[in-house]
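Worksheet: one structure, shown below.
The values are calculated or read from the model by the stated rules, or taken from the named source; none is laboratory data. Worth saying up front: this structure is predicted, and the values here are computed from it rather than measured. Don't worry about glycine lacking a Cβ; one is built from the backbone with ideal geometry, like all the others, and counts go over all protein chains shown. The area values use the complete protein model at the heavy-atom level, side chains included, leaving out ligands, DNA and RNA. Shrake-Rupley method; radii C 1.70, N 1.55, O 1.52, S 1.80 Å.
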Amino acid sequence: MLRLPLRLLVICCALTATAFAQEPAPRDIVTDGCSLVSPFNVMSATVATSENLYPLIWGSELASSSDTRGLQGTKPAPAWLGTYGSGRVAIWDGHPAFFTAGADGRDDNDRLRTQLIDWLRDGGSVAFARGHGEKPMGEVFSGVPWQHLLDGSAEPHEIDGELTTENLAGSGLLVIGSSWQRITESELDAVEDYVLNGGGLLVIGIGWAYSGYADDPDPDQYIPNRLGERFGWRVQFSTIKDPGSPMGEAGTPAFSVLPLEQYNPGRIVVILEDPDSVVQRAADNPQDIFVVEGEHTGLCLPNEYWGQLESVGGIIGLFDEMYVSHNLLIGNANPPYDGAKQWFVPQQSDEPGWYMHSGNPVVYKQYAAKDIVETYNNEHRLGWGIVHELGHNMHISSCGNNMVPDGTGENWANVWSVWTNNAMGWPNHENYGRAGGDYHEHPDYAKLSSDNWILLGCLDMIWQRYGWDGMQAFLTDVATRRAAGEKLKDNAERQRLLIEGMSIGYGIDFSELFAHWGFPVSDETRELLSKYPKNDIPIP
């Protein structure tokens, strides 16, 4: 079979796309008449590497501490479709049960399923691969999609063993569903030739979930990725939240599908050089989302705000300086998220109770972009919120919360805020330190363990008297031990680490001071710290 060189193939595809520019896009054909499509919530993310692919179903990823993107309504998406040579391809990396849910009661789902099959098939029979661990064809398709095949004289049949040019001949559509065993190079060649010459291909599966059951879970050996090398997509592993799975949070979907008419297909554009070029690029391509990256951080803004910044390069430089400063407090012992760049991205959300939240990316509500831009333009600094949320990443990821007694997480994020703001000459929050002195006079540990500021104010009494070197030594030790796998199992251990670790870091016995603040201090801790000079902060 004649195989076109890749470069020639790309040129041919481009000419084909130009010649038929007035024809409806594949996605428009498949989604015609659909107003709301609601697939199963279990999805993984797939990136299109070919300009010939269009998003079929898109998702709004629910940003969380395990979400490495958090960019709504854009790539990566769970499903793509497009043309290849004379044929048609689609990747569905959502839950395969979408094609076995004939009784789900969603008319638009049925319309999309059947229209997708018809567009891919374009006549001819439908073959189901069975040589790579796939389920029987009646379990890959059922309900309305299955009946649609039977009513349309599609002659569904199974292909056991290897896929070849001979056993694919005459088929209008090849379905490879939920496969996890290896596929050979000769099979890939046969499938590619089949599609180039007019066949349709539908690949179904959940990238991360099925790789866990594979004989070889290497992402590069997973069938959708092997096929994606030929047809223009790549499954992004570890992006799935499968309820009940080790990577997921029970009952939390990875994607929620938007109404079709509300979707504006865009792409994420990451700018690594000439950051100020984003102003014109965002104006010229308002449908796209832009992330400008520095050495350690990346910033995404709603497009209308890029042009309002006094200097895009300047603000990215401040984000990097903040990151460097935060890591200095742990001696660069264990950068958050294994040293991955920290993204800061907006999210459209009506959910009350938050303005920004930590994780990678750090996510802020879209309206906060105005504050970010105005604070930088007017004061040439970053606001408290951004510095605070990166502080959460430091104590959660870098230190594993090992030194964070129950209820004091907000205080610990602010430890990094105070450190960095002091270093960069930025103002601290108006509440900083206010509650510490009052508490010191009349301690009540229940208040300390439930307040966002009291412990911070108490620690400030130590910084004012002894400086920051001991705190830096303490947190560097915590981060180093966390990098080695240490994880404390209960609140009592975290309290003990805080008292003993800070005392050792400063070379000062703080046991009586922490006992005065209401922390439990054991005889063993007192004995351990007795070799150090006593704290001389007056205790009432």
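The table for this structure:
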| item | result |
| --- | --- |
| Verdict on Leu188 being under 32 Å from the mean Cα position of the chain (by Cα), within 17 Å of Ala129 (Cα to Cα), assigned to a helix (DSSP H, G or I) and at pLDDT 85 or above | yes |
| Number of positions in the stretch 278-301 that are at pLDDT 95 or above and either under 19 Å from Tyr54 (Cβ atoms) or open to solvent by less than 30 Å² (accessible area, probe 1.4 Å) (or both) | 3 |
| Condition broken by Tyr337, with the remaining ones in (1) more than 20 Å from His429 (Cβ to Cβ); (2) of a type outside the set (S, T, N, Q); (3) more than 23 Å from the chain's Cα centre (by Cα); (4) part of a helix (DSSP H, G or I) satisfied | (3) |
| In the stretch 146-159, the residues that are assigned to a strand (DSSP E or B) and open to solvent by 40 Å² or more (accessible area, probe 1.4 Å) | His157, Glu158 |
| Matching residues, the stretch 160-177, being open to solvent by less than 10 Å² (accessible area, probe 1.4 Å) and either assigned to a strand (DSSP E or B) or among the hydroxyl-bearing types (Ser, Thr, Tyr) (or both) | Gly172, Leu173, Leu174, Val175, Ile176, Gly177 |
| Filter result for the condition that a residue is modelled with pLDDT under 90, over 24 Å from the mean Cα position of the chain (by Cα), farther than 12 Å from Val126 by Cβ and among the small types (Gly, Ala, Ser), over Gly207, Gly143, Gly212, Gly177 | Gly143 |
| Residue in the stretch 192-200 that is under 24 Å from the mean Cα position of the chain (by Cα) and modelled with pLDDT of 80 or more present | no |
| Single residue of Glu310, Glu321, Glu304 found to be within 30 Å of Trp412 (Cβ to Cβ), more than 23 Å from the chain's Cα centre (by Cα) and open to solvent by 10 Å² or more (accessible area, probe 1.4 Å) | Glu321 |
| Condition met for Gly400 (open to solvent by 30 Å² or more (accessible area, probe 1.4 Å), part of a loop (DSSP other than H, G, I, E, B) and small (Gly, Ala, Ser)) | no |
| Selected residue [open to solvent by 40 Å² or more (accessible area, probe 1.4 Å), under 30 Å from Ile159 (Cα atoms), of a type outside the set (Asp, Glu) and modelled with pLDDT of 90 or more] from Arg230, Arg234, Arg182 | Arg230 |
| Index of the failed condition, His395 passing every other in (1) part of a loop (DSSP other than H, G, I, E, B); (2) free of Cβ contacts under 8 Å to residues at least 24 places away in the same chain | (1) |
| Residue under evaluation Asp509, criteria (1) touching a residue at least 60 places away in the same chain (Cβ under 8 Å); (2) of a type outside the set (Val, Ile, Thr); (3) in contact with a Pro (Cβ under 7 Å, 6 or more places away or on another chain), criterion not met | (1) |
| Considering residues of the stretch 360-379 that are in a loop (DSSP other than H, G, I, E, B) and surrounded by fewer than 22 Cβ atoms within 10 Å (Cβ to Cβ) only, the residue modelled with the lowest pLDDT | Gln366 |
| Residue, least open to solvent (accessible area, probe 1.4 Å), within the stretch 411-438, restricted to residues that are under 8 Å from Leu456 (Cα atoms) and not in a helix (DSSP H, G or I) | Gly433 |
| Gly143 being in contact (Cβ under 8 Å) with a residue 24 or more places away in the chain and on the phi > 0 side of the Ramachandran plot | yes |
| Qualifying positions in the stretch 346-359 - in contact with a Lys or Arg (Cβ under 8 Å, 6 or more places away or on another chain) and open to solvent by less than 30 Å² (accessible area, probe 1.4 Å) | Pro346, Gln347, Met356 |
| Tabulated pairs, the stretch 516-540, first part of a loop (DSSP other than H, G, I, E, B), second of a type in the set (Asp, Glu) and surrounded by fewer than 17 Cβ atoms within 10 Å (Cβ to Cβ), C-beta under 6 angstrom, 6+ apart or interchain | Pro540/Glu441 |
| Residues within the stretch 100-140 that are at pLDDT 85 or above, assigned to a helix (DSSP H, G or I) and either under 28 Å from the mean Cα position of the chain (by Cα) or surrounded by 23 or more Cβ atoms within 10 Å (Cβ to Cβ) (or both), tallied | 6 |
| Residue match in the stretch 241-257 (condition: at pLDDT below 70, out of contact with any Gly (no Cβ under 9 Å at 6 or more places or on another chain) and under 30 Å from Ser171 (Cα atoms)) | no |
